[in-house]
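Working notes for the structure below.
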Amino acid sequence: MAKLICGNCHKVYESSKDGKCPKCEDKSNQFYEFSNSDDYLQEQVPKIKQFRKDIGLQGLVKGLNCVIINTEPEQQDLAVKELLKNTGFNYGHSFQDSNFNTTVLKASNSADILIKSRKKEKNPFHSYNIRPKAKKLPNTRLESFVFEVSNLSKYVEIQKEQDVKFLTNIVDTDNFSFIQTEPSKYIGTSYGFIQWHKNKGDYHPDEFNSFSRDIKKPDFDYLRNIKELDHTATRVKAQDRDAAILEFMKLTNYDFNFAIYVKNLNSITNVARLSAKDFAMVFTSGITNYKNSKESGPTERFTYNYGTRVHHMAFHTNKIEDTFEGLKENGMDFLIQLIGSENEGLKQTFSVQSPHTLIVNEYIHRYGDFDGFFTKSNVTDLTRSTEKQ
Ligand SMILES: [Fe+2]
């Protein structure tokens, strides 16, 4: 039987008295039947676009500047070495401040990747990591998506009026000002916002120690084929899919673009975009909620086992056949072969999950004038391959 979800509190119920949410009776008009479809989302998208204009947010937030991946301290260098070995990213610099050890990785025309570990115990993301298959790495997750803003104080003032909660006040340094939200209850990840004052991409605070790492990027030719961060996919619970996308739209200038349903795997791949050239934000959820490990499909099973989190980082890859072979020869294991074709416009594959970050690498090549972002057949095959996780 179909379940019911409250559009206000997002609780899902088996049934309801008079079509009303028991928790939010005064907002009963927002109570709707729960099995994900795009109806509610498509109705909300234009409203949020208008809302962003009305409150002065339009144009304030630009593209993705970096992602922050936190690791266990003993895994940090291993995570850095692994990304240098398996992607086109290069070693930038390392520094420590009072709270973190940080290594910055860079690639041309791409958001940066910051690999961090905490020097102190307190971790606001900790509770999201305590899941059956993730709790052995209780501090490991992609914690923040950091977007560039043109006027951070104005942005924060507007969002505080909307009751957005931040982890700190604005951190002002000579080089940048930065703030990040509390972890989203829907995705367990925070949204960060940075305004650069001088050297864009130089992330150290005013007080820090540089330290050198004995880390070299392997000189494999095929690594030069692997380019920028194309998209990430965050896995969310079915019941939180609409809320997660709408929250993201309210915090940035991204728009929900389209969704691909894979009904027999209980999975939806939802794409939000800023422009055709920018990093894309993908949310993957179940169509219906988790029931048990046999019936729920790989997407809901993943959020059950690992918590809501970023499942993969996708890297744009040229000469993808050679690159795939090269990665395999140098020890990389994959969840699936290279799938898709030039005819269909797209080839992709998934690596196995990193033991240091819990993130899968996707390698993706779009051919010629292919203007679809994904193809349904590839999405289906890739989703099925994650049953192995
Ligand atoms: Fe993907």
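Only the coordinates and a few stated rules stand behind these numbers; no lab work does. Owing to the predicted nature of the structure, the values given are computational and were not obtained by experimental measurement. Here the Cβ is made from the backbone with ideal geometry for all residues, glycine too, and neighbour counts use every protein chain on show.
Provide the gained length on full extension for the span Lys85 to Lys263, in nm with one decimal, where the gain is 0.36 nm per separating residue minus the Cα-Cα distance.
That pair, Lys85 and Lys263, stretches by 60.5 nm at full extension.
With label points built 7 Å along Cα→Cβ from the Cα atoms of Asp39 and Asp333, find their separation and express it in nm.
4.4
Please state the relative contact order of the chain as a whole percent: Cα pairs under 8 Å, 6+ residues apart?
16
Taking only Cα atoms of the chain, what ratio of Rg to Rh do you get with Rh as the Kirkwood inverse-distance radius?
For the chain, the value is 0.95.
Which lysines have a Cα lying under 20 Å from the Cα of Lys81, excluding residues fewer than 8 positions away in the same chain?
Within the straight-line limit of under 20 Å, Lys81 reaches these lysines: Lys106, Lys116, Lys216, Lys217, Lys227, Lys328.
How large is the helix-only mean residue ellipticity at 222 nm for the chain, computed as the sum of -39500 (n - 2.57) over DSSP H runs with n ≥ 4, divided by its residue count, in deg cm²/dmol to the nearest 500?
My calculation for the chain gives -6000 deg cm²/dmol from helical runs alone.
Based on alpha-carbon centroids, what's the gap between segment 310-332 and segment 58-110 in Å, whole number please?
Between the Cα centres of segment 310-332 and segment 58-110 lies a distance of 19 Å.
Just to verify a number: FRET efficiency for Ser150 and Glu342, C-beta to C-beta distance, R0 = 45 Å, to 0.05?
0.65
Ranked from highest to lowest mean number of other Cβ atoms within 10 Å per residue, what is the order of the peptides 308-317, 197-206?
Peptide ranking by packing, descending: 308-317, 197-206.
Hey, how much of the P(r) for segment 43-100 falls beyond 16 Å, as a percent of Cα pairs?
66
State the Cα centre-to-centre distance between segment 212-236 and segment 156-189 in whole Å.
Spelled out, the Cα-based centre of one part sits 28 Å from the other.
Would you work out the Kirkwood radius for segment 61-210? I mean one over the mean of 1/r across all pairs of different Cα atoms, in Å.
16.1
Under 12 Å from the Cβ of Ala107, count the other residues' Cβ atoms, weight Lys and Arg +1, Asp and Glu -1, and hand me the total.
+1
For segment 221-388, state the semi-axes of the equivalent ellipsoid (square roots of 5 times the eigenvalues of the alpha-carbon gyration tensor), sorted largest first and rounded to whole angstrom.
Equivalent ellipsoid semi-axes, largest first: 25, 19, 15 Å.
5 Å is the cut-off here: which amide hydrogens, built 1.01 Å from N in the peptide plane, fall below it relative to Asp230, excluding neighbours closer than 5 in sequence?
Ala314, Phe315, His316
Tell me the relative contact order for segment 61-210 as a rounded percent, counting alpha carbon contacts under 8 Å between residues six or more apart.
After rounding, I find 26 percent.
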